[in-house]
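Submitted below is the structure of interest, expressed as structure tokens.
The values are calculated or read from the model by the stated rules, or taken from the named source; none is laboratory data. Since the model is a prediction, treat every value here as computed from it, not as a measurement. Every residue, glycine among them, receives a Cβ derived from its backbone with ideal geometry; neighbour counts consider all protein chains shown. Quick note on the areas: whole protein, heavy atoms, side chains included, nothing else; ligands and nucleic acids left out. Shrake-Rupley method; radii C 1.70, N 1.55, O 1.52, S 1.80 Å.
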Amino acid sequence: MRRRDFLAKLPIAAAGAAAFPAIVKASALGLNGAVPPSDHVVMAGIGFGMQGGGNMRNFLGKSEVQWVAVCDLDDTHLAEARDTVNKHYDNKDCATYKDFRELFARGDLDAVSIAIPDHWHAIVSITAVRNGLDVYGEKPFTHSLREGRALCNAVKRYGRVWQTGSWQRSTDNFYRACELVRNGRIGKVQRVEVGLPSGHYDFAGTFGQERIEPPPPELDYETWLGPAPASPYCKARVHMNWRWNMDFGGGQLMDWIGHHLDIAHWGLGFDLTGPVEIQGKGEFPTTGIYNSPTRYWVETIYADGTPIIIAGGYPEIQSGTKWIGEHGWIWVDRGGLESQPARLTGEVIGPNEIKLYRSLDHYQNFVDCVRSRALTIAPAEVAHRSASVGHLGVIAIEAGRKIQWDPATETIIGDPGAVRLLSRSYRKPWQMPA
Amino acid sequence: MNKADPITKTTIAIVALMAFAVAVSSLPAQTPAGGASLDQILNEISSFAGGIESAPFWKLRDYVYARKDVQAERAECETRLLEFLGTNATAVAKMAVCRHLRLIGGDKSVPVLQGMLLDRDMADMALFALQKIPGTTADRALLQTLPKVVGSVKTSIIAALGDRKCSDAVPALSGLLRANAEFTGAAALALGEIGGESASTALLASLPVAPAELRPVVAAAAMRGAEGLVAAKKTGAAFSTYEKLLADRTLPRSIRTAAMIGKISTAGDKAATMITDQLKGGDPDMQEAAISKIKDVYRPDAIGPVCNLLPGLAWDAQVRLIPVLAGYPAARVMPAVLQAARAGAPPVRVAALNALGSVGDASTAPFLIETAVRATGPEQTAARNALALLRGEAVDDALLAMLGRKPSDEAMAEILLAVAERRIYSAKSQVTGCLDSTSPRVRVQALRTLRTIGTPSDMTTVLTFLLRGGSDSELAEGATTINALAQKVNSPDGRSNAVKAMMTRTRDPKERVRLCGILGRIGDDSSLALLRAALNEESDEIVDAAARAIAGWPTPAARDDMIQLVQKSKIETHRLLALQGFLRMIRSERYRKPEAAVADLRMAYVYSTRAEERKLILGALPNFACPEALELAGVLLGEPAVKAEAQAAIDKIRARLSAR
């Protein structure tokens, strides 16, 4: 039963009395450390080709979560995910689905974890929130700018809780770096450098396997393609390496924009805005089926004049995020936090200074917010704004000219050619839901 | 205009051009286009199957890309690509062409693409391009084709009309809403996307007769359309839409909740009353919708009525409402929040305590301390977090005052914790005074707090405390505090001065043992001489403490001392510890010349007698990949106890050597 259905049946306390139904046993409300069954967050997962399994295992470790189902278009992935859940609970209760619509029709879910190729993000996520589900969704937020705005609007329309997999925000290094910057430890920020990976990485071990062949029987390839243009099956096109093809993903730029650029935004207080000018260059493969840039350089300017460079494959831009200010710089990556002057990294932010949203566990933050209905540390609008910079970078690279952007209205100014790139056409029979 | 102006203007133009050239040249170069003609490229891709022979695809991309911004060349490209669509080329090749028409196609492309819509196998690729061609010509083409196609092709054209926000399509789409269930969903979504009052009217009219499984889609589309009405400042029409949806109790809960959110958003002056009505109503979903809109509706000075409702709500609604209240001025909400923190259900108390971190003040501090003492688990954590977050120096003063009143030991410990979290440096003398407390818990917390607010000048006080003795855990905490204070000394060579001074003053073996341990923790190289001397003392305990300190030394300055211990100590434990420390030191120096590091590892090998240390050697070798490392690993390959590790090391070293 969904937790809100149980909660709806609880008697309402009389006005003036403690709002605590006396008939409910204390243990049912989590006293003595137990998680009451009514307070379980009932979850399922969609997509187990790469990140989905890890996300699920994190949620399985939360005593407040009850995981009931898995959904994937690949029977092998589906079986592995189901077995993981059953082993965790020591039963055989985990349900399996190949169609996300059937999963949502169950009616007993509170939330869903979505880790599917980018080209599916918007359709599945909007359908999820329309069905009253809170979502833990992987980045990049969506596959185009227009999809991003549509999904943000849908999350708001249905009053759902959204957490993006931008988990760096729940990591101490990044939190500290951003608080230092926000509290002016380096003075006015004059420039930000965001270093992302370059090239294509063979996650699935299928590079070069581009022979056209029938899809394997365990994969519903036609559905896997979904709204993307039809392309004949070859091993190198799917599972994990799909991200190197712009029909399904956005290469390293879009894979990582929701990490290090997201942190750049957080440190600057730019979570709800975007650049006003974008230009970029990219280098592309000249053979093979992958068409995302292997090397790229995107320059953005924000309304207050702050430039942010996003680059992959340029050693002069260090991997991670580096804010360069009047009085020094701060750099952060997963492996470290450094500053000039060096003492800055040891500085403590006092209680009377700007304190950023603190989350020590990205998954727990989502679960807590599902229960409290508060904003997560990486909500939809923030994720959209981070991804938007990547999309604009792709547009600028594709258009080959500087793009003027109005972040308030989310429109490209004076460039009808570039406007065509704000959204994608969907292959039949798929359509953007509402 | 004077004679200087033209020159000035020219100069400015030249400078601007130069600046532009510099800016452009500072960007990395784009991949250049190939030299083949378009005919040659199209000929190559005509048999393209979308697999390994994809080089011609990139040639086409580069060719079109290089010409897309030059009008005449773009037009020529468009013409040739359209001609290609009429040939016998593969579907994949034609799709490749349509990708480019998506970007460069104009009105000229419309007729050809429109014709392709009638072919089910070509419709997708045609739409891929046509959907993005701006202008009414493309709109008309889609509308004209709509009645001529069936099935999923029709659905796609419907979707395209919606994506293009083609208002001319509203009549046709409205007709499809009710005429044919096959297209109801698609037509509804398209109408919602297009928006406007006509679309909205059509959607609401079709809702009662829509197939059951599609009613949520139609309703969702109606809400999407309502958002468009709001954007067009037609709030009344939007409100009406939401009201109608809300009245339909057969719609799913998620839709009705969204309709309530929308209704409140468009209710204008009535929104506040609507919110309180829903809060009182008791329907959890409607309450949730109402709570989500509070911050948009209630001004800071008007939140009172909502606060008054808080105690009467179900506990889960309180849990959701309290964080919202925390965003309001403290004076308005604190009484309600404080009451919830005192008297609510456990989850409510936790939520309220968290909120007090934002809305509390100095007067809240005693309650939070009392709660931190009394509670456990999430409630205690919430109280402590709130204490850390309370803003204002008055809070600091309140905590200091509480400290001065000598509260219970439990309360004292919580206050000391808050002092640390809040960095109340002015409390230092009181905190050091707590080292004399009779309560072990207070003493330990005082030690921990001093790590944050203490300074190097406090080291002597803490040392004196340590040398008095105490439980092992307290001594360990004290040593950690000394080290923390020592690390605040700027000069690395001065960090252990206080400890060294105490070492010269005391002859008590127990005290000297403790001091040796602390010197090892601090790792100030200038104290190595003292430790070396301590190795020659008569007391076995002091010798042991000195040896352990040297073996655990954090810098390379103790290298020779470690080697001395390995080679000459009569105590096997000391030799072993020193060897492990030596290996740890080598591993940490990853920027040494490989040959020098391997020479040290070889020496360590000579003195190692156990498999554990030899495995550490093998673990370190790949970090210093060189022929000498390979040789040493090869020697260890012959030892059965470490054979697997040796082979792994050899493989890694070889891989690193060949990668260079």
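Residue A:368 versus (1) over 30 Å from residue A:40 (Cα atoms); (2) acidic (Asp, Glu); (3) buried (at least 16 other Cβ atoms within 10 Å of the Cβ): which is the lone unmet condition?
With (1) over 30 Å from residue A:40 (Cα atoms); (2) acidic (Asp, Glu); (3) buried (at least 16 other Cβ atoms within 10 Å of the Cβ) applied to residue A:368, the lone miss is (1).
Are there any pairs, at least 6 apart or on different chains, whose C-beta atoms fall under 9 Å, with the first in region A:282-297 and facing another protein chain (nearest Cβ under 7 Å) and the second of a type in the set (Ser, Thr, Tyr) and part of a strand (DSSP E or B), and if so, which?
So the pair list comes out as A:283/A:296.
State all residues of region A:362-388 that are within 14 Å of chain B (Cβ to nearest Cβ) and touching a strand residue (DSSP E or B) at 6+ places or on another chain (Cβ under 6 Å); if no residue qualifies, say none.
A:367, A:370, A:376, A:379, A:380
Report, by residue number, each residue of region A:389-402 that is open to solvent by 10 Å² or more (accessible area, probe 1.4 Å) and either among the small types (Gly, Ala, Ser) or within 11 Å of another protein chain (Cβ to nearest Cβ) (or both).
Restricting attention to region A:389-402, the residues satisfying the condition of being open to solvent by 10 Å² or more (accessible area, probe 1.4 Å) are A:391, A:394, A:398, A:400-402.
A:398, A:400, A:401, A:402, listed by residue number.
Being of a type outside the set (Asp, Glu) and open to solvent by 60 Å² or more (accessible area, probe 1.4 Å) is the filter here, so list the residues in region B:461-490 that pass it. Quick ask: steps written out before the conclusion?
First, the residues of region B:461-490 that are of a type outside the set (Asp, Glu): B:461-471, B:473, B:475-476, B:478-490.
If the condition is that a residue be of a type outside the set (Asp, Glu) and open to solvent by 60 Å² or more (accessible area, probe 1.4 Å), then B:461, B:464, B:468, B:473, B:487, B:488, B:490 are the ones that fit.
A further question on this structure: Taking into account only those residues within region B:426-454 that are within 14 Å of chain A (Cβ to nearest Cβ) and not small (Gly, Ala, Ser), which is most open to solvent (accessible area, probe 1.4 Å)? Break it down into steps so the answer makes sense when it comes.
Start the filter on region B:426-454 by keeping residues that are within 14 Å of chain A (Cβ to nearest Cβ), which leaves B:426-427, B:449, B:451-454.
Now restrict to residues that are not small (Gly, Ala, Ser): B:449, B:451-453.
Working: B:449: 0, B:451: 58, B:452: 38, B:453: 2 Å².
Only one residue tops the list, namely B:451.
Here is a further query. Tell me, which helices (runs of 4 or more DSSP H) lie completely within region B:62-126 with 1 or more residues that are in contact with a Lys or Arg (Cβ under 8 Å, 6 or more places away or on another chain)?
Details: elements: B:71-85, B:91-104, B:110-116.
In region B:62-126, B:71-85, B:91-104 are the helices (runs of 4 or more DSSP H) which contain 1 or more residues that are in contact with a Lys or Arg (Cβ under 8 Å, 6 or more places away or on another chain).
Considering each residue of region A:403-434, count those that are away from chain B (no Cβ under 11 Å), of a type in the set (Phe, Trp, Tyr) and open to solvent by 30 Å² or more (accessible area, probe 1.4 Å), and give that number.
Counting residues in region A:403-434 that are away from chain B (no Cβ under 11 Å), of a type in the set (Phe, Trp, Tyr) and open to solvent by 30 Å² or more (accessible area, probe 1.4 Å) gives 0.
Being among the hydrophobic types (A, V, I, L, M, F, W, C) and not in a helix (DSSP H, G or I) is the filter; apply it to region B:279-324 and report the residue that is farthest from the other protein chains (Cβ to nearest Cβ). Reasoning before the result, please.
Of the residues in region B:279-324, the ones among the hydrophobic types (A, V, I, L, M, F, W, C) are B:279, B:286, B:289-291, B:294, B:297, B:302-303, B:306-307, B:309-310, B:313-315, B:317, B:319, B:321-322, B:324.
Now drop any that are not not in a helix (DSSP H, G or I), which leaves B:303, B:313-314.
Values: B:303: 17, B:313: 6, B:314: 5 Å.
Among residues in region B:279-324 that are among the hydrophobic types (A, V, I, L, M, F, W, C) and not in a helix (DSSP H, G or I), the one farthest from the other protein chains (Cβ to nearest Cβ) is B:303.
Only one of B:391, B:349, B:374, B:384 is more than 14 Å from every other protein chain (Cβ to nearest Cβ) and not small (Gly, Ala, Ser); which?
B:374
Determine whether residue B:214 is more than 37 Å from the chain's Cα centre (by Cα), on the phi < 0 side of the Ramachandran plot, within 13 Å of another protein chain (Cβ to nearest Cβ) and in a helix (DSSP H, G or I).
Working: more than 37 Å from the chain's Cα centre (by Cα): yes; on the phi < 0 side of the Ramachandran plot: yes; within 13 Å of another protein chain (Cβ to nearest Cβ): yes; in a helix (DSSP H, G or I): yes.
Here the answer is yes, as residue B:214 does meet what is asked.
Can you tell me which residues in region A:339-352 are more than 29 Å from the chain's Cα centre (by Cα) and either within 9 Å of another protein chain (Cβ to nearest Cβ) or within 28 Å of residue B:397 (Cβ to Cβ) (or both)? Write out each step before concluding.
Let us first name the residues in region A:339-352 that are more than 29 Å from the chain's Cα centre (by Cα), namely A:340-344, A:346-348, A:350-352.
The answer is A:346, A:347, A:348, A:350, A:351, A:352.
Residue by residue through region B:64-117, note down the ones that are hydrophobic (A, V, I, L, M, F, W, C), farther than 21 Å from residue A:421 by Cα and away from chain A (no Cβ under 14 Å).
B:72, B:84, B:85, B:89, B:112, listed by residue number.
Still on this structure, please answer the following. With the condition being within 21 Å of residue B:291 (Cβ to Cβ) and in contact (Cβ under 8 Å) with a residue 12 or more places away in the chain, I'd like the helices (runs of 4 or more DSSP H) fully within region A:100-167 carrying at least 1 qualifying residues.
Working: elements: A:100-104, A:121-130, A:145-157.
The qualifying helices (runs of 4 or more DSSP H) are A:121-130, A:145-157.
Also, I was wondering about something else. Quick one: which of B:577, B:618 is closer than 27 Å to residue B:545 by Cβ and surrounded by 21 or more Cβ atoms within 10 Å (Cβ to Cβ)?
Details: B:618 fails: closer than 27 Å to residue B:545 by Cβ.
Checking each option against the conditions leaves just B:577.
Which residue out of B:532, B:590, B:559 is closer than 23 Å to residue B:486 by Cα and open to solvent by 80 Å² or more (accessible area, probe 1.4 Å)? Spell out how you get there, then give the answer.
Working: B:590 fails: closer than 23 Å to residue B:486 by Cα; B:559 fails: open to solvent by 80 Å² or more (accessible area, probe 1.4 Å).
Matching residue, one of B:532, B:590, B:559: B:532.
While we're here: Would you call residue B:400 touching a Ser or Thr at 6+ places or on another chain (Cβ under 9 Å), open to solvent by less than 50 Å² (accessible area, probe 1.4 Å), within 13 Å of chain A (Cβ to nearest Cβ) and hydrophobic (A, V, I, L, M, F, W, C)? Working first, answer last.
Numbers: touching a Ser or Thr at 6+ places or on another chain (Cβ under 9 Å): yes; open to solvent by less than 50 Å² (accessible area, probe 1.4 Å): yes; within 13 Å of chain A (Cβ to nearest Cβ): no; hydrophobic (A, V, I, L, M, F, W, C): yes.
Considered against the rule, which asks whether it is touching a Ser or Thr at 6+ places or on another chain (Cβ under 9 Å), open to solvent by less than 50 Å² (accessible area, probe 1.4 Å), within 13 Å of chain A (Cβ to nearest Cβ) and hydrophobic (A, V, I, L, M, F, W, C), residue B:400 comes out as no.
Show me the helices (runs of 4 or more DSSP H) found entirely inside region A:348-419 where at least 1 residues are of a type in the set (Val, Ile, Thr) and without any contact (Cβ under 8 Å) to a residue 12 or more places away in the chain. Quick ask: steps written out before the conclusion?
Values: elements: A:362-372, A:380-399, A:416-419.
So the answer is A:416-419.
Does residue B:147 satisfy being without any contact (Cβ under 8 Å) to a residue 40 or more places away in the chain, in a helix (DSSP H, G or I) and open to solvent by 40 Å² or more (accessible area, probe 1.4 Å)?
On the way: without any contact (Cβ under 8 Å) to a residue 40 or more places away in the chain: yes; in a helix (DSSP H, G or I): yes; open to solvent by 40 Å² or more (accessible area, probe 1.4 Å): yes.
Here the answer is yes, as residue B:147 does meet what is asked.
Find all pairs meeting these conditions: Cβ atoms under 7 angstrom apart; at least six residues apart or on different chains; first residue within region B:643-659 and without any contact (Cβ under 8 Å) to a residue 12 or more places away in the chain and farther than 11 Å from residue B:624 by Cα; second residue hydrophobic (A, V, I, L, M, F, W, C) and surrounded by fewer than 18 Cβ atoms within 10 Å (Cβ to Cβ).
Short answer, once both residue conditions are applied: B:643/B:637; B:647/B:637.
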